[in-house]
Ligand SMILES: Cc1cc2nc3c(=O)[nH]c(=O)nc-3n(C[C@H](O)[C@H](O)[C@H](O)COP(=O)(O)O)c2cc1C
């Protein structure tokens, strides 16, 4: 079928940049955790993005996980540039300064990461931004009774590239690093 970026699932996140007063909130799907030490994301942003301009100016960003309640607002933040609209205001998103960064957190998201940029690599028409995670924030109601992240309550949107669809995470299938163990015996 030829070279294609129709790859799924991908995350659907809102990247918060700038400050609460002069913010940009941008929908991004081409991103992943890149390293655990130091804990870092790799995020691909097209050169033309205003969010990238703000990231370069401040060296900071937040990564916020919206759920189905914010799907229209999230999509809007992927349709319009912050150069042409005050996206947070139009979408009714409430922003709050991070605890360890001045970049804005999207409070309607139940789980957010605060990041500081450590590297940037040019990649075609994109910049691959490496951002170290310096803090995380989760709503009380996104945690289990044992204080752990509850994926069912966070209910992050996933993006299906190529199909251009937002979906939700399905059922748990098995425990990772465990379900394959019986096969170790056959090595
Ligand atoms: C679901 C979705 C995912 C997106 N993922 C990315 C991405 O990974 N990288 C990127 O540069 N743009 C991505 N975009 C496009 C930007 O969000 C869009 O161009 C936005 O208007 C940029 O805003 P800005 O100029 O304020 O940064 C995505 C859009 C949508 C709807």
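Some notes on this structure:
- Residue list for the range 113-147, restricted to those being free of Cβ contacts under 8 Å to residues at least 12 places away in the same chain and either at positive phi or in a strand (DSSP E or B) (or both): 119, 121, 122, 124, 143, 147
- Condition met for residue 130 (closer than 25 Å to residue 7 by Cβ, surrounded by 12 or more Cβ atoms within 10 Å (Cβ to Cβ) and in contact with a helix residue (DSSP H, G or I) (Cβ under 6 Å, 6 or more places away or on another chain)): no
- Of all residues in the range 86-112, none that is in a strand (DSSP E or B) has its Cβ atom under 6 Å from the Cβ atom of a residue that is buried (at least 19 other Cβ atoms within 10 Å of the Cβ) and at pLDDT below 95, 6 or more apart or on another chain.
- Restricting attention to the range 148-166, the residues that are more than 16 Å from the chain's Cα centre (by Cα) and touching a residue at least 60 places away in the same chain (Cβ under 8 Å) add up to 2.
- Residues being touching a helix residue (DSSP H, G or I) at 6+ places or on another chain (Cβ under 8 Å), within 12 Å of the ligand (Cβ to nearest atom) and closer than 22 Å to residue 168 by Cα - total across the range 29-71: 1
- Within the range 22-39, the residues that satisfy the criterion of being in contact with a strand residue (DSSP E or B) (Cβ under 9 Å, 6 or more places away or on another chain) and outside any strand (DSSP E or B) are 29, 30, 38, 39.
- Scanning the range 148-187 for residues that are part of a helix (DSSP H, G or I) and out of contact with any helix residue (DSSP H, G or I) (no Cβ under 6 Å at 6 or more places or on another chain) yields 151, 152, 181, 182, 183, 184, 185, 186.
- In this structure, residue 120 does not qualify as closer than 19 Å to residue 26 by Cβ, in contact with a strand residue (DSSP E or B) (Cβ under 6 Å, 6 or more places away or on another chain) and away from the ligand (no atom under 16 Å from the Cβ).
- Any hit, the range 37-59, residues being without any contact (Cβ under 8 Å) to a residue 12 or more places away in the chain and more than 18 Å from residue 122 (Cα to Cα): yes
The values are calculated or read from the model by the stated rules, or taken from the named source; none is laboratory data. Everything quoted here is computed from the prediction, not taken from an experiment. Neighbour counts are summed over all protein chains in view; Cβ atoms, including those assigned to glycine, are modelled from backbone coordinates with ideal geometry.
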